[in-house]
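Report on the following structure.
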Amino acid sequence: MAAKKATESFSKSLIEEVHKWGCMKQTGVSLRYMMEFGSKPTERNLLISGQFLHKELPIRIARRAIELESLPYGLSEKPAVLKVRDWYLDSFRDLRAFPDIKDTNDEKEFTKMIKAIKVRHNNVVPMMALGVQQLKKGMDPKIVYEDLDAIHQFLDRFYMSRIGIRMLIGQHVELHNPNPPPHCVGYIHTKMSPVEVAQNASEDARAICLREYGCAPEINIYGDLGFTFPYVPTHLHLMVFELVKNSLRAVQERYMDSDRVAPPIRIIVAEGIEDVTIKVSDEGGGIPRSGLPKIFTYLYSTAKNPLDEYTDLGTADTVITMAGYGYGLPISRLYARYFGGDLQIISMEGYGTDAYLHLSRLGDSQEPLP
């Protein structure tokens with residue numbers, strides 16, 4: 001019944017058009033292409049980029065809107081998921097209502113609109129997490145995580161697609177910046193220092209740990225500060241922040257009542273020919289082998305769920321805590337894979353955990369299009 005109610009604000013013809021566009025082929029781009037194309041943000045290039053997005057974004061958004069209609073276990077009916085689907089349908093409608101882009105003025109208006117679409121979707125991740133929590137609450141506890149595979153796979157596709165949509169919009173919008181920071185092409189930093197990003201992300205994670213626990217383990221970073229390669233600093237910051245935050249929490253909780261000084265977290269940045277690898281090592285007691293498959297699912301977290309305290313849809317949007325949503329790791333892995341990298345977790349129960357974040361240096365891999 002709830003699903004029916006939500007679509008009543010959308011016309012039958014719009015829903016039909018969503019299904020038509022959802023069948024069209026998506027076009028992936030590579031980091032290298034984005035960098036080369038964006039290095040000359042002439043009016044002509046911005047016009048080409050705008051025309052590409054005018055056709056590409058409705059296809060990607062339509063595909064997700066269709067998937068949101070038919071999720072297993074009644075997930076589509078959850079209020080938070082219905083809200084997300086409405087955002088996708090609104091954005092599809094806005095894009096399709098926008099006339100063909102013929103000149104610079106059209107392109108500037110289009111850029112304003114897609115910027116607003118990006119803002120509309122800012123809270124998709126916590127809102128979907130809330131939907132999953134709403135589902136979990138009413139679920140038979142005997143259902144095992146393996147049975148929820150369809151939901152995990154959907155969320156992987158959904159969040160991967162969202163990363164791509166936000167990257168394309170953000171990249172296009174940023175190319176309009178009249179004073180871009182040095183070495184920046186849109187979102188891409190052509191001379192990004194992974195050590196510097198790791199330092200910033202670690203400080204941010206440590207600040208949250210201090211706020212939450214009153215103290216925080218030390219973090220030691222090893223690597224060449226002068227080494228740079230082209231990448232998206234915001235993506236790397238998000239991934240390292242997530243890994244360090246997990247390590248800080250594990251170490252802090254293990255040594256909270258101990259007389260011993262908590263051992264530092266070690267971050268090693270290694271530059272290979274194909275990959276840059278960042279290893280985050282902690283002595284936080286590790287994860288039992290039986291728990292390892294669960295850490296990349298969206299329905300698992302060892303921490304208390306922060307959404308339990310914020311059941312109202314409005315307040316759940318803004319909560320950032322140390323842990324508990326259960327999607328930091330799986331989303332970090334998607335960010336790594338988006339540009340051809342990966343994330344692996346290796347653990348020694350009773351000792352600690354090593355996270356290996358691989359980032360592709362070549363920049364040639366196409367976006368994985370779900």
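Worth a mention:
- Conditions (1) touching a residue at least 24 places away in the same chain (Cβ under 8 Å); (2) of a type outside the set (Asp, Glu); (3) under 17 Å from His19 (Cα atoms); number of the one not met by Lys55: (1)
- Evaluated against (1) open to solvent by less than 10 Å² (accessible area, probe 1.4 Å); (2) within 21 Å of Gln366 (Cα to Cα), Ile151 falls short on exactly one condition, (2).
- Some residue of region 303-321 being outside any strand (DSSP E or B), among the aliphatic types (A, V, I, L, M) and at pLDDT 95 or above: no
- Being under 26 Å from Gln153 (Cα atoms), at pLDDT 90 or above, open to solvent by less than 50 Å² (accessible area, probe 1.4 Å) and in contact with a helix residue (DSSP H, G or I) (Cβ under 9 Å, 6 or more places away or on another chain) holds for only one residue in Ile265, Ile287, and it is Ile287.
- Some residue of region 190-211 being more than 24 Å from Gly38 (Cβ to Cβ), of a type in the set (S, T, N, Q) and part of a helix (DSSP H, G or I): yes
- Pairs where the first residue, in region 220-248, is in a strand (DSSP E or B) and the second is buried (at least 22 other Cβ atoms within 10 Å of the Cβ) and of a type in the set (S, T, N, Q), C-beta under 7 Å, 6+ apart: Ile221/Ser202
- Residue within region 213-223 that is modelled with pLDDT of 95 or more and β-branched (Val, Ile, Thr) present: yes
- Of the helices (runs of 4 or more DSSP H) that lie entirely inside region 1-115, those containing 2 or more residues that are open to solvent by 40 Å² or more (accessible area, probe 1.4 Å) and under 18 Å from Arg162 (Cβ atoms) span 43-69, 79-97.
- Residue pairs meeting the criteria (Cβ under 6 Å; at least 6 apart or on separate chains; first over 18 Å from Leu225 (Cβ atoms), in region 267-281; second open to solvent by 30 Å² or more (accessible area, probe 1.4 Å) and modelled with pLDDT of 95 or more): Asp275/His358; Ser281/Arg266; Ser281/Asp354
The values are calculated or read from the model by the stated rules, or taken from the named source; none is laboratory data. All values reported here derive from a predicted model rather than from experimental measurement. Cβ sites come from the backbone with ideal geometry, for glycine too, and all protein chains shown count toward neighbours. Side chains included, ligands, DNA and RNA excluded: accessible areas come from the protein's heavy atoms. Shrake-Rupley method; radii C 1.70, N 1.55, O 1.52, S 1.80 Å.
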